[in-house]
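Asks: Shown below is the structure under consideration.
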Amino acid sequence: MMCNDARLLLHAYLDDELDAAQSVAITRHMHSCEACTASYAQYTELRKALSQPSLYRRAPDALRAQWQAPKSSTAAASKPRRRLVGLAMAAGFVGALLLVAPTWFYLWQQHGANTNQLADEVVSSHLRSMQPQHLMDVVSTDQHTVKPWFEGKLDFSPRVKDLSDEGFPLIGGRLDALEGHSVAALIYKRRLHVINLYQWPSASTASASVATQWHGYTVIRWTAGNMNYVAVSDVNEADLRKFTLAFQDDVTTPPMR
Amino acid sequence: MPADFHRIASGRPAAGSTSFEAQVLPYLDAAYNLARWLARDDADAQDVVQEAMLRAFRYFDSFRGGDARVWLLAIVRNTFYSLRMKVPPDGMQETFDDDAHAVVDEQPTPEARMLIALDVGALQKALENLPHPLRETIVLRELEECSYKEIASITGQKIGTVMSRLARARERLRAELTRHSTEVRRHDVQ
Ligand SMILES: [Zn+2]
C-alpha cells in the first residue's frame with residue numbers, strides 16, 4: 001500500500017469502517033510508515049477533542065418545551081389527554097397536532113374556548129394552505145387585480161392592501177371558510193414565511209387585537225370597520241404584530257391589548 | 001370548515017401522533033445539533049428545527065419504520081438547505097467541487113499535537129470555517145457518531161464520497177488548528 005491510498009483509508013480505519021483485509025493492509029502500512037502513523041495519532045486526538053460535550057449543541061429549552069410533554073404533570077395530563085383523543089378525531093389534523101403539543105392544550109383550557117377554537121381553525125386553514133396547489137386562487141402582487149377577483153364570489157368587498165413597502169408583499173388571494181363563513185384570504189410574504197390574512201363581516205364595529213400562540217404559529221385577531229380580521233403565520237410574533245399594524249394603518253383601530 | 005380539510009385530516013389517525021412523539025421527539029437534540037452547526041446561529045437553527053419538526057410531523061405517515069434519527073436528520077438537512085436557498089444571496093453561494101478540494105497533507109509537528117486536544121474555541125471556529133458539505137459530514141460522524149452508511153443516507157451521497165469528505169474535513173481541521181497553534185505559540189513567546 002502506498003501513502004496516497006493510506007491517507008484516505010486511515011480515516012475509514014479510524015472510523016471502524018474497513019473490512020478485515022483492508023484493516024490488516026493499513027496497519028501493515030503504518031508499521032513501516034512513520035508519517036502515516038503520526039497522522040493517525042493526530043486524527044485520533046482530533047476525534048477526542050471533537051467529542052468534548054461543549055461542542056454538542058443541545059436543543060434550547062424553549063424549543064424543547066414546544067415539542068415535549070411536561071414530564072412533571074404526567075398524571076395530571078392523563079385525563080385531558082384522553083379528552084384530546086376525542087378532540088383529535090373531531091378536529092382531524094389540528095387535533096392530532098394537539099396530541100404532540102400538550103403545552104398548547106393547557107393554554108387552550110385557560111382561555112375562553114371561542115378565541116381558541118378559532119385559532120385552531122385558522123392554523124389548520126393556514127397549514128392546509130401550505131399544501132401544494134392550495135395557497136392561492138388568484139396570484140398577483142397587484143392589489144387592483146386581487147380586489148376585483150373577489151367580486152361576485154363573496155357578499156362583501158374585502159379590504160385589499162399591498163404592504164410591500166413595509167416588508168410584507170401581497171402575493172395573492174383565495175376563498176376560504178372559517179366558522180362556517182365564507183371568508184377572503186389574502187396571502188402575504190415575510191421573507192421565507194407566508195402570512196394568511198382572513199376577513200369577513202362582523203356585527204360589531206371594532207375590537208382590540210388579541211394574539212394567541214399556537215405551536216410556533218401566531219394568530220392575531222381584531223375587528224375594525226365591521227370586519228373581522230385574523231392574521232396567522234409562523235413568523236415571530238413581533239413581525240406579525242408589525243404586519244397587523246401596517247394593515248390597520250389608516251383605519252381607526254383600538255390599540256393592541 | 002371546508003370539505004377538503006376533512007379529506008386531508010382523515011388520512012391521519014390520531015394514534016400516529018403518539019408514535020411520532022415516541023419515535024421522533026427523542027432526536028430533538030440531534031436535530032438541533034445538526035441545524036446549529038449548519039446555520040451557525042441560534043435563531044436560524046431554531047427556525048430550521050421548528051420547520052423540520054413540522055415537516056416531520058406532516059410526513060410522519062410516510063415514515064415506514066427504520067431509523068427515525070436518520071430520517072429526521074435528513075429532513076433537518078433538507079430544511080436547512082431549502083430555507084437557505086430562498087435567502088437573498090449575500091455571499092451565501094458556495095459551490096463545492098469534490099475533486100477540487102484536495103488538501104496537501106501536512107506532516108504533523110510536535111506543537112500541533114499538543115494543541116489539537118485542548119482548545120475548544122479554536123475547534124469551534126475551525127469547524128465553522130469548513131464548507132457546508134465537509135462540515136455536515138464531520139459533525140454527523142464525530143458529534144452524532146453516525147456510520148458512513150447513515151451519513152450517506154442523510155446527505156444523499158455515496159459512501160465513497162462520505163469517506164473522502166471526512167478525510168478532507170479532518171485534513172483541513174488539522175491544518176487550521178496547527179496554524180492556530182503556531183500563532184498562539186508565537187504570541188506567547190513575545
Ligand atoms: Zn504512509
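Asks: Among the numbered criteria (1) open to solvent by 20 Å² or more (accessible area, probe 1.4 Å); (2) in contact (Cβ under 8 Å) with a residue 12 or more places away in the chain; (3) out of contact with any helix residue (DSSP H, G or I) (no Cβ under 8 Å at 6 or more places or on another chain), which single criterion is violated by A:Ala211?
Replies: It fails just one condition, (3).
Asks: List the helices (runs of 4 or more DSSP H) that sit entirely inside the stretch B:1-76 and contain at least 1 residues that are at pLDDT 85 or above and not polar (S, T, N, Q). Spell out how you get there, then give the answer.
Replies: Values: elements: B:3-10, B:14-23, B:28-39, B:42-58.
In the stretch B:1-76, the matching helices (runs of 4 or more DSSP H) lie at B:28-39, B:42-58.
Asks: If a residue must be touching a Ser or Thr at 6+ places or on another chain (Cβ under 9 Å) and surrounded by fewer than 15 Cβ atoms within 10 Å (Cβ to Cβ), how many such residues does the stretch A:17-44 contain?
Replies: Going through the stretch A:17-44 one residue at a time, the tally reaches 1.
Asks: Related question: For the stretch A:4-46, what are the residues that are within 8 Å of the ligand (Cβ to nearest atom), within 19 Å of B:Gly160 (Cβ to Cβ) and hydrophobic (A, V, I, L, M, F, W, C)?
Replies: A:Ala6
Asks: Do we have A:Ser164 as surrounded by fewer than 19 Cβ atoms within 10 Å (Cβ to Cβ), at pLDDT 80 or above, closer than 20 Å to A:Phe247 by Cα and of a type in the set (S, T, N, Q) here?
Replies: Details: surrounded by fewer than 19 Cβ atoms within 10 Å (Cβ to Cβ): yes; at pLDDT 80 or above: yes; closer than 20 Å to A:Phe247 by Cα: yes; of a type in the set (S, T, N, Q): yes.
Yes.
Asks: I'd like to verify a number: residues in the stretch B:136-157 that are touching a residue at least 12 places away in the same chain (Cβ under 8 Å) and within 12 Å of another protein chain (Cβ to nearest Cβ), how many?
Replies: 11
Asks: Let me ask something else. List the residue pairs whose Cβ atoms are under 6 Å apart, where the first residue sits in the stretch A:20-39 and is more than 13 Å from A:Leu9 (Cβ to Cβ), the second is within 8 Å of the ligand (Cβ to nearest atom), and the two are 6 or more positions apart or on different chains.
Replies: A:Thr37/A:Met30
Asks: Right, something else. Which of (1) more than 10 Å from the ligand (Cβ to nearest atom); (2) modelled with pLDDT of 90 or more; (3) touching a helix residue (DSSP H, G or I) at 6+ places or on another chain (Cβ under 8 Å) is the odd one out, the single condition A:Leu63 does not satisfy?
Replies: (2)
The values are calculated or read from the model by the stated rules, or taken from the named source; none is laboratory data. Everything numeric in this text was worked out from a predicted model, so none of it was measured. Using ideal geometry, Cβ is built from the backbone for each residue, glycine included, and neighbour counts are taken over all protein chains shown. Accessible surface areas use protein heavy atoms only, side chains included; no ligands, DNA or RNA. Shrake-Rupley method; radii C 1.70, N 1.55, O 1.52, S 1.80 Å.
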